[in-house]
Amino acid sequence: MKYNKITLRELVGSVLVEEGTENRDIFVIDSDLAKSTTTNKFQDAFPERFFESGIAEQNAMSIAAGMAAEGKIPFYVNFAMFVSGTCWTQLRQICYANLNVKLIATHPGMDGSFDGATHHANEDLALMRVLPNLRILSPSNPDELCQAVKLALAYKGPVYIRCARDEVPNLAAKEEVQMGKAVVMEDLGNDFALIYEGSASELAMRSFEACREKGKKGKLINIFSIKPADTNCIRRIAGQVKKLVTIENHTILGGLGGLVSETVCDMPWHAPVKRVGVEDVFTESGPLKDVKEKYGLTVENVLKKLEED
C-alpha cells in the first residue's frame, strides 16, 4: 500500500484551535514547549486562554486541576515524558478526584530522538494504565487525533491522548473510533494477528504487508483505545489465530504487550503472544529511524517474532 506520511504533533495546535473556537471553556497550559507541540497556534488565536507555566510541570498539572475544579476544560500539552513521569503524583491526585483534565502527550516512546533517554517516554503507557478513572487514547492518523480530542471533551474525567511525533500514515480513519473499541484494519485470515498502538502504526502496516507478500493471511488490529480496552475483541482474536504479535513504541513491560497478555492469560487456549517493543533498557539519543531500528522496532523483528515457537 502506498500512502503519504504525517506527524500528528504538527496538528495538535490546529485541532485545539478548532475546538476552542466552538467551546470557550477550553484552556491550554504549556511548559515552555509550545512551538514543539504546536500549541503556539492556540496561543496566537486565544492568548487569554493560554497559560505558560515555564519549566514547572508539576505546577502546570496543579493549575489544570484548579481550572477543572472551577468548571473549565484544561488541556495540558507537553512531551509524554513530562506529562506521565514528571507529573505523575499530581496526575494521580487528579485521577483520584476524577477531575475533568485533558492531557495531550507528544513525543511518546522513542520519538524524542536526539533529546536522549531523559526525554524518551518508553514507560508512559505503563504509568498511565495503572491510574483509575484515567482514559487512554492512542490515535494513529489525523482523523483519529481529531476524534480523540472530541471524545476527550465528551467524557467527564481525565483523558490521556498519546500523540506521535514520528511519522504515521496519512490515511483516513477506517471508521469512527470510540472509547473501549478496537479497529479491525484488515481481516484476511487466521495465520496471525498484528496488534498495535497508534504511534507504531506505520511499522505495523509495513509488517502486515511483508507478511502478505510471504503468503500469510492474517489480521491487523488498531488498539486506538488503550483504556478502556476492547477486551472482547482481543480475546476473540487470540482464540482464532495461530500467532499474535503486539507492536508498540514503548517498553514491552506494562504497555500494549502487557495489556494483551493480561487480557488473554485466563483463556483455556490462546495464540502465543510475542511482543515487539523496547526491551528492559534505557534507549539512546540519535536519529529516530536509527534509534528505533537499534531497539527492535523493525519489520524484520516482527517477522522473526511470528516465526518463533
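The values are calculated or read from the model by the stated rules, or taken from the named source; none is laboratory data. What you are looking at is a predicted structure, and each value in this text was computed from that prediction instead of being measured. Cβ placement follows ideal geometry from the backbone for every residue including glycine, while neighbour counts extend to all protein chains displayed.
For the condition among the basic types (Lys, Arg), assigned by TED's automatic domain parsing to the domain that holds Arg165 and buried (at least 22 other Cβ atoms within 10 Å of the Cβ), what is the one hit in Arg9, Arg49?
Arg9
Given the conditions (1) closer than 26 Å to Glu293 by Cβ; (2) in contact (Cβ under 8 Å) with a residue 40 or more places away in the chain, which single one is not true for Lys219?
(2)
Can you name the residue in segment 43-98 that is of a type in the set (Val, Ile, Thr) and touching a strand residue (DSSP E or B) at 6+ places or on another chain (Cβ under 7 Å) and, of all such residues, is farthest from Arg24 (Cα to Cα)?
Val83
Consider Ala65 against the criteria (1) in contact with a Lys or Arg (Cβ under 7 Å, 6 or more places away or on another chain); (2) crowded, with 19+ Cβ neighbours inside 10 Å; (3) without any contact (Cβ under 8 Å) to a residue 40 or more places away in the chain: it satisfies all of them except one. Which criterion is unmet?
It fails just one condition, (1).
In the same structural domain as Gln93 (by TED's automatic domain parsing), small (Gly, Ala, Ser) and assigned to a loop (DSSP other than H, G, I, E, B): does that describe Gly157?
So Gly157 passes the test.
Among the numbered criteria (1) more than 22 Å from Ser140 (Cα to Cα); (2) part of a helix (DSSP H, G or I); (3) within 23 Å of the chain's Cα centre (by Cα); (4) of a type outside the set (Lys, Arg), which one does Asn59 miss?
Just one mismatch for Asn59, condition (3).
Here is a check on your reading of the model: is Asn122 under 21 Å from Leu33 (Cα atoms), out of contact with any Gly (no Cβ under 6 Å at 6 or more places or on another chain), buried (at least 22 other Cβ atoms within 10 Å of the Cβ) and polar (S, T, N, Q)?
no
Working only within segment 230-275, note down all residues that are under 23 Å from the mean Cα position of the chain (by Cα), outside any helix (DSSP H, G or I) and closer than 18 Å to Leu303 by Cα.
Leu244, Val245, Thr246, Ile247, Glu248, Asn249, Ile252, Val273, Lys274, Arg275
State whether one or more residues within segment 28-35 are closer than 25 Å to Tyr96 by Cβ, in a helix (DSSP H, G or I) and out of contact with any Pro (no Cβ under 9 Å at 6 or more places or on another chain).
Checked against the condition, which is being closer than 25 Å to Tyr96 by Cβ, in a helix (DSSP H, G or I) and out of contact with any Pro (no Cβ under 9 Å at 6 or more places or on another chain), segment 28-35 yields no hits at all.
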